[in-house]
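Just below is one structure, and these are the notes that go with it.
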Amino acid sequence: MTLTLNTIKPAKGAIKKKKRLGRGNASGHGTYSTRGLKGQKSRTGGRNKLKRLGFKKILQNIPKVRGFKSGKVKNQVVNLMELNKYFSVGMKINPLNLFKVGLIDSTKLPVKILSQGELKVKNLLFSDVKVSQSAQAQIEKMAGKIEVRSKK
């Protein structure tokens, strides 16, 4: 026997016959056509609604969120001791520079400087940031300036 394109066949058992549902009892899948008795899954279109049924179960497992959620924008916090690592004498500290060194995640949210740790860098210029009172005292002690812009 020669090997030609018309004699090539897949290995035995590699191809299964398609399950033909609802073609009588002789087909092996007659009467209820493998759908079982009654219920949503046995009806026409019931299989498509299964996605929604599963989603409902997922929703039931998620706890309800109760209580009050504030819509107030939260400040991004930067401590004075972190400024010592990234800034040198006379540098300008604003949201863009803080973002570049990776101390904040976004330039769009407000930034607040807190006084945790000790500031060791002199002559820093702070602009477009909020500063706590105790941090302001340390900054002024190190000859730093805080530039306050008026909101329009």
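The values are calculated or read from the model by the stated rules, or taken from the named source; none is laboratory data. All values derive from a computational prediction rather than experimental measurement. Using ideal geometry, Cβ is built from the backbone for each residue, glycine included, and neighbour counts are taken over all protein chains shown.
Overview of values
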read-out	value
Subset tally (residues that are part of a loop (DSSP other than H, G, I, E, B) and in contact (Cβ under 8 Å) with a residue 12 or more places away in the chain) for segment 94-104	3
Output for segment 103-121, where each listed residue is exposed (fewer than 13 other Cβ atoms within 10 Å of the Cβ) and more than 22 Å from the chain's Cα centre (by Cα)	GLU118, LYS120
Breaking point among (1) within 29 Å of the chain's Cα centre (by Cα); (2) modelled with pLDDT of 90 or more; (3) basic (Lys, Arg), for LYS69	(2)
Members of segment 12-34 that are aliphatic (A, V, I, L, M) and under 19 Å from GLY46 (Cα atoms)	LEU21
Among residues of segment 74-90, those that are surrounded by 14 or more Cβ atoms within 10 Å (Cβ to Cβ) and not acidic (Asp, Glu), counted	11
Criterion violated by VAL111 - all others in (1) more than 14 Å from LYS92 (Cβ to Cβ); (2) in contact (Cβ under 8 Å) with a residue 24 or more places away in the chain satisfied	(1)
Hits in segment 1-38 (condition: in a helix (DSSP H, G or I) and loosely packed, with under 10 Cβ neighbours inside 10 Å)	LEU5, ASN6, THR7, ASN25, ALA26
Any hit, segment 81-93, residues being touching a residue at least 12 places away in the same chain (Cβ under 8 Å), assigned to a loop (DSSP other than H, G, I, E, B) and not hydrophobic (A, V, I, L, M, F, W, C)	yes
Complete set of residues in segment 105-133 that are within 26 Å of LYS72 (Cβ to Cβ) and in a loop (DSSP other than H, G, I, E, B)	ASP105, SER106, THR107, LYS108, LEU109, PRO110, SER115, GLN116, ASP128, VAL129, SER132
Matching residues, segment 1-26, being among the charged types (D, E, K, R) and touching a helix residue (DSSP H, G or I) at 6+ places or on another chain (Cβ under 8 Å)	ARG20
